[in-house]
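Worksheet: one structure, shown below.
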2 protein chains.
Amino acid sequence: MSVSYEHPRPALTVDCVVFGLDEADLKVLLIRRELDPFRGRWALPGGFVRVEEALDDAARRELAEETGLSGVFLEQLYTFGALGRDPRERVVSVAYYALVKLGDHRVKAATDAREAAWFAVDDTPALAFDHDEILAVALERLKGKVRYRPIGFELLPPKFTLSQLQRLYEAILERPLDKRNFRKKALGTGLLVELDEVEQDVAHRAARLYRFDRRKYERLEKDGFSFEI
Amino acid sequence: MSVSYEHPRPALTVDCVVFGLDEADLKVLLIRRELDPFRGRWALPGGFVRVEEALDDAARRELAEETGLSGVFLEQLYTFGALGRDPRERVVSVAYYALVKLGDHRVKAATDAREAAWFAVDDTPALAFDHDEILAVALERLKGKVRYRPIGFELLPPKFTLSQLQRLYEAILERPLDKRNFRKKALGTGLLVELDEVEQDVAHRAARLYRFDRRKYERLEKDGFSFEI
DNA sequence: TCAAAAGTGTTCTGGATACACCCATGT
DNA sequence: ACATGGGTGTATCCAGAACACTTTTGA
């Protein structure tokens, strides 16, 4: 199969920065490259966009193929198109970032045929291509977005404690938060539903579980809401 | 000249949403298409990315070629890649938005060989391709960004009055602002330099002129600043 | 009874908002 | 003199920040 064009075209790829939360650590999912260039180096999952495939679909497909993940929160990040970012030829990459509930997926990704592993975001090896830069931009975006959009919940299980939520925000923002103020503000949004359950199997007082009220958020979002942590 | 590839590739373009301020109105620069598809319809300036050209460079080149603009503030917006957004073939477009000091460029753009004109952003004709959507996203972005980055100054001449600045913010945010509070806040940033000049040729008390202190802003930006209007 | 984390209230401060009048200038 | 926009100060309110102790539970 071969096609020809009047003018040369850049190749188009998608790359995904997949974030997960492991206890109190923010992690990113990387895969080890099996082919040149950068064979053996860790990289972001990604690949070529097909000609009959929307960008978001390409990102989801690559994510599924390379890491087994599906049904995750996914949002476009930025498009990287510097000359020379791929040593073979001109490649423009539309980067996405994804947020996954890590509990479900931890093992799967690590035992896939393709070698994949979670790394603490501040302790990654030198990545292939310009993926270090992409990761940095994704972290910046996450840090900014989490302050005015309740996307953090995408990283938590459906039922969570306020302490888990606080640790999440602390991990993303990279600074400690005051417990009382945090709880006041989190509950003050009115977007947390108090459940009649507590966490299990802990060696201390069990914390109450909450869930995120997505419906309510979506309703608020319609008519000029405002969410902040 | 013809090239061939193993797999078909989407074509890659850039499109630019160029904003300018005309008195108190926010305007966008459009060009009339001379070719099919959408011949005769208004569209955003843009065109194909060359294979040896960075994305930003492509955006600047197209802007210069189609509108005569150069040296403007330009930032990547979002990449649009839905299927069918171009009726001919698969085209992915990296959209940019630009901010220009309209005074300098008003005539030039309108008298270029190619027909180009400024339209009030809330009174544009139906645009070619998905350019209505791109424009909407750009407006959203501008509205958000102007609140925490002093990019508004890119739309004003180097010397401006506080009333001009206020009208600019009112135009972008689409709501009136209190004069006293606005001045307090604007001056409170410490980023405005009071000049020993006043505006000329007005039929009332002449307002003092200010300039934006870009150096100071860049210094602040380095070590965790914070700018808000 | 001890360890470990859950849970809770108040004070203070600073920025956001709301609001109305006098001033300078050109016609 | 008058019309036009320039320029200024204060009171109120609310959200954010700072801060420490008691409670519950399992080991």
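The values are calculated or read from the model by the stated rules, or taken from the named source; none is laboratory data. Quantities reported herein were computed from a predicted structural model and do not represent experimental measurements. Ideal geometry is used to build each Cβ from the backbone, glycine not excepted, and the neighbour counts take in all protein chains shown.
Whenever a residue of segment A:76-87 is facing chain B (nearest Cβ under 8 Å), its partners that are of a type in the set (Lys, Arg), lying with C-beta atoms within less than 8 angstrom and at least six residues away or across chains, give the pairs A:TYR78/A:ARG141; A:LEU83/A:ARG90. Only one entry of A:TYR148, A:TYR96 meets the criterion of being within 14 Å of another protein chain (Cβ to nearest Cβ) and more than 16 Å from the chain's Cα centre (by Cα), and that entry is A:TYR148.
Scan segment B:174-208 for residues that are away from DNA strand C (no atom under 12 Å from the Cβ) and within 14 Å of chain A (Cβ to nearest Cβ) and the total you get is 1.
Each residue in segment B:113-144 was checked for being touching a strand residue (DSSP E or B) at 6+ places or on another chain (Cβ under 9 Å), over 19 Å from B:ASP25 (Cα atoms) and either modelled with pLDDT under 95 or not assigned by TED's automatic domain parsing to the domain that holds B:ALA95 (or both), and 2 pass.
The residues of segment A:159-181 that are within 9 Å of DNA strand D (Cβ to nearest atom) and surrounded by 13 or more Cβ atoms within 10 Å (Cβ to Cβ) amount to a single one, A:LEU177.
Residue-level check: of (1) under 17 Å from B:GLU75 (Cβ atoms); (2) among the charged types (D, E, K, R); (3) not in a helix (DSSP H, G or I), B:LYS143 misses just (3). A Cβ distance below 9 Å, combined with a sequence gap of six or more or placement on separate chains, defines the contacts here; from segment A:184-207, residues that are at positive phi reach residues that are away from DNA strand D (no atom under 12 Å from the Cβ) in the pairs A:GLY190/A:ASP213; A:GLY190/A:LYS216; A:GLY190/A:LEU220. With the structure loaded, tell me whether B:ARG60 is assigned to a loop (DSSP other than H, G, I, E, B), within 14 Å of chain A (Cβ to nearest Cβ) and touching a Ser or Thr at 6+ places or on another chain (Cβ under 8 Å) or whether it fails that test. No, not satisfied. For first residues located in segment B:150-169 and in contact (Cβ under 8 Å) with a residue 24 or more places away in the chain and over 16 Å from B:ARG183 (Cβ atoms), partners that are assigned to a loop (DSSP other than H, G, I, E, B) and near DNA strand D (Cβ under 9 Å from one of its atoms) and lie 6+ apart or on another chain with Cβ distances below 9 Å form the pairs B:LYS159/B:GLU199. Of the residues in segment B:111-127, not one is touching a residue at least 40 places away in the same chain (Cβ under 8 Å), surrounded by fewer than 13 Cβ atoms within 10 Å (Cβ to Cβ) and assigned to a helix (DSSP H, G or I). Looking across segment B:195-229, the residues that are surrounded by 11 or more Cβ atoms within 10 Å (Cβ to Cβ) and within 11 Å of DNA strand D (Cβ to nearest atom) come down to B:LEU195, B:GLU197, B:VAL198, B:GLU199, B:ALA206, B:ALA207, B:ARG208, B:LEU209, B:TYR210. Just a yes or no: is a residue in segment B:16-39 in contact with a helix residue (DSSP H, G or I) (Cβ under 8 Å, 6 or more places away or on another chain) and within 14 Å of another protein chain (Cβ to nearest Cβ)? No, there is no match, as no residue in segment B:16-39 is in contact with a helix residue (DSSP H, G or I) (Cβ under 8 Å, 6 or more places away or on another chain) and within 14 Å of another protein chain (Cβ to nearest Cβ).
Would segment B:28-45 turn up any residue that is free of Cβ contacts under 8 Å to residues at least 24 places away in the same chain and crowded, with 16+ Cβ neighbours inside 10 Å?
Looking for residues that are free of Cβ contacts under 8 Å to residues at least 24 places away in the same chain and crowded, with 16+ Cβ neighbours inside 10 Å, one finds none in segment B:28-45, hence no.
Being more than 14 Å from chain A (Cβ to nearest Cβ) and either in a helix (DSSP H, G or I) or more than 25 Å from A:MET1 (Cβ to Cβ) (or both) is a property that does not hold for B:GLY47.
When you check B:LEU55 against the structure, is it closer than 24 Å to B:LEU155 by Cβ, more than 14 Å from every other protein chain (Cβ to nearest Cβ) and not acidic (Asp, Glu), yes or no?
no
Looking across B:LEU99, B:LEU155, one residue alone is of a type in the set (A, V, I, L, M) and in contact with an Asp or Glu (Cβ under 7 Å, 6 or more places away or on another chain). It is B:LEU99.
Annotation: B:ARG211 fulfils all but one of (1) closer than 18 Å to B:ALA24 by Cα; (2) in contact (Cβ under 8 Å) with a residue 40 or more places away in the chain; (3) more than 10 Å from DNA strand C (Cβ to nearest atom); the unmet one is (1).
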